[in-house]
1. Considering S248, S224, which residue is assigned to a loop (DSSP other than H, G, I, E, B), more than 16 Å from the ligand (Cβ to nearest atom) and within 22 Å of the chain's Cα centre (by Cα)?
2. Are any residues in the range 176-196 within 16 Å of the ligand (Cβ to nearest atom) and either of a type in the set (A, V, I, L, M) or surrounded by fewer than 20 Cβ atoms within 10 Å (Cβ to Cβ) (or both), and if so, which ones?
3. Could you tell me whether A282 is buried (at least 23 other Cβ atoms within 10 Å of the Cβ), touching a residue at least 60 places away in the same chain (Cβ under 8 Å), closer than 25 Å to F113 by Cβ and touching a Lys or Arg at 6+ places or on another chain (Cβ under 9 Å)?
4. Just give me the residues in the range 286-310 being within 16 Å of the ligand (Cβ to nearest atom), small (G, A, S) and in contact with a Lys or Arg (Cβ under 8 Å, 6 or more places away or on another chain), in sequence order.
5. Residues in the range 172-179: is at least one more than 24 Å from T38 (Cα to Cα), of a type in the set (S, T, N, Q), free of Cβ contacts under 8 Å to residues at least 24 places away in the same chain and assigned to a loop (DSSP other than H, G, I, E, B)?
6. Identify all residues within the range 265-284 that are closer than 21 Å to L75 by Cα, under 20 Å from the mean Cα position of the chain (by Cα) and assigned to a helix (DSSP H, G or I); write none if there are none.
7. Looking only at the range 132-143, filter to residues that are surrounded by fewer than 24 Cβ atoms within 10 Å (Cβ to Cβ) and in contact with a strand residue (DSSP E or B) (Cβ under 9 Å, 6 or more places away or on another chain); which one of those is farthest from L161 (Cα to Cα)?
8. Specify which of the listed residues (D167, D146) is open to solvent by less than 30 Å² (accessible area, probe 1.4 Å), away from the ligand (no atom under 16 Å from the Cβ) and in contact with a strand residue (DSSP E or B) (Cβ under 8 Å, 6 or more places away or on another chain).
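The values are calculated or read from the model by the stated rules, or taken from the named source; none is laboratory data. Source: prediction; values computed, not measured. Neighbour counts are summed over all protein chains in view; Cβ atoms, including those assigned to glycine, are modelled from backbone coordinates with ideal geometry. Note: areas computed on protein heavy atoms with side chains; ligands, DNA, RNA excluded. Shrake-Rupley method; radii C 1.70, N 1.55, O 1.52, S 1.80 Å.
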Amino acid sequence: MLTVEKKGLCAQYGASSFHERVDGMDGVTRRPCLSRITPYVPGKPVEEVERELNISGVIKLASNENPLGPSPRALQALEEYLPRLNFYPDGNCYYLKQDLAARLGVEMDQVVFGNGADELITLVGAAYLDPGDEVLVADPSFSEYDFSARLMNAEVVRVPLKQFRHDLPAMLEAVTSKTRIVFICNPNNPTGTIVYRQELAAFLEKVPRNILVVMDEAYYEYVSEPDYPQSLEWVQQGHNVLTLRTFSKIYGLAGLRIGYGVGPREVITDLNTVREPFNVNAAAQVAARAALLDEAYVREVYRVNQEGKEYLAGELARLGLSAVPTEANFIFVDTGVDSRELFQHLLRQGVIVRTGDIFGHDRCIRISIGTPEQNRRFIAALEKALFDLQQR
Ligand SMILES: *Cc1c(COP(=O)(O)O)cnc(C)c1O
């Protein structure tokens with residue numbers, strides 16, 4: 001059922017033992033845990049793909065970015081701020097924190113900002129993990145949880161999804177005396193599924209109080225299901241829950257890198273202890289503040305995503321493919337063919353998607369929902385690619 005990464009794994013990569021340092025031939029003595037971290041492999045820039053294939057108008061539906069661009073109000077605020085870039089940012093994100101705390105109905109000392117929610121995931125590890133500690137994650141889920149754990153020499157315990165959804169009862173059973181953090185990705189990346197209110201309640205009521213439960217809600221604003229849990233209520237009731245959200249997705253500011261965490265004061269203090277003083281850049285703070293106020297823009301992005309979701313669900317069904325119903329801005333779909341081959345066929349038609357092999361589902365792809373035009377192009381490319389692949 002669940003898998004614990006074995007310490008012996010290191011040996012495979014030339015490290016003698018998990019806790020021992022290893023001297024390379026002439027190299028710098030490095031921490032063995034580095035051998036267990038696969039560096040993120042960034043895709044080629046879209047411009048480079050266009051040059052190599054000698055095509056134009058390539059669309060990337062691979063990183064769940066906002067296809068509508070940033071909010072115009074955020075752009076305006078940024079432009080006005082630029083002459084002050086000689087100054088260091090506000091290390092406390094004071095004004096943004098004030099706005100956000102008021103919006104969420106929490107105190108300012110319950111909020112921490114990060115260089116993307118990604119940084120906060122790493123900081124949680126830095127604050128709470130020692131070698132040998134265990135981190136509980138669903139499988140497949142967001143890969144940054146692994147990074148955070150492995151960087152600290154901690155063990156990752158994986159609990160398989162059940163019908164593409166978090167299996168919270170199984171995760172509860174997987175808790176041991178060594179468990180320090182549980183990551184619940186809600187909606188889950190890459191499947192787009194959510195855990196429901198009652199499921200989460202049952203889990204949180206039983207999970208030991210010394211464990212930090214991280215609710216990763218990067219796609220919070222896209223959810224339409226009424227039975228989606230409000231994790232902040234659990235934070236407010238004094239549970240050890242840290243809710244993570246981001247300005248990278250619905251707010252369209254992925255390039256600026258800013259996300260936030262809301263949790264118990266003690267947890268926020270710990271995260272402030274391990275973060276760098278100027279971890280969030282000034283431009284990001286200014287743009288995020290403006291984006292937060294632009295509610296009409298967020299509603300529009302939500303609407304376009306809902307329409308795209310319905311269109312894609314209909315078209316994928318027409319092609320006879322089975323897609324996981326999504327609450328986010330991406331869709332996980334079983335294509336019936338090898339996803340890496342399909343990737344190449346789609347790429348030649350100028351469409352970049354995420355292959356499922358990295359998530360342990362070789363035939364699946366994850367596609368970000370785009371503009372209506374991008375969605376149509378994707379479907380046309382997919383139809384052609386599947387036809388070509390099935391001809392052989
Ligand atoms: C995109 C994403 C994030 C964080 O994004 P940042 O750009 O680092 O704020 C966090 N969790 C999940 C599941 C994501 O998909």
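1. Details: S248 fails: more than 16 Å from the ligand (Cβ to nearest atom).
Among S248, S224, only S224 is assigned to a loop (DSSP other than H, G, I, E, B), more than 16 Å from the ligand (Cβ to nearest atom) and within 22 Å of the chain's Cα centre (by Cα).
2. So the first thing to find is which residues in the range 176-196 are within 16 Å of the ligand (Cβ to nearest atom), and the list is 181-195.
The answer is I181, V182, I184, I194, V195.
3. On the way: buried (at least 23 other Cβ atoms within 10 Å of the Cβ): no; touching a residue at least 60 places away in the same chain (Cβ under 8 Å): yes; closer than 25 Å to F113 by Cβ: yes; touching a Lys or Arg at 6+ places or on another chain (Cβ under 9 Å): yes.
Taking the combined requirement at face value, the residue does not satisfy it.
4. Scanning the range 286-310 gives a single hit, A291.
5. Yes.
6. A284
7. Within the range 132-143, the first condition is being surrounded by fewer than 24 Cβ atoms within 10 Å (Cβ to Cβ), and the residues that meet it are 132-134, 139-143.
Still in the list and also in contact with a strand residue (DSSP E or B) (Cβ under 9 Å, 6 or more places away or on another chain): 132-134, 139-142.
On the way: G132: 24, D133: 22, E134: 18, D139: 6, P140: 7, S141: 9, F142: 12 Å.
That would be G132.
8. Working: D146 fails: away from the ligand (no atom under 16 Å from the Cβ).
Result of the check over D167, D146: D167.
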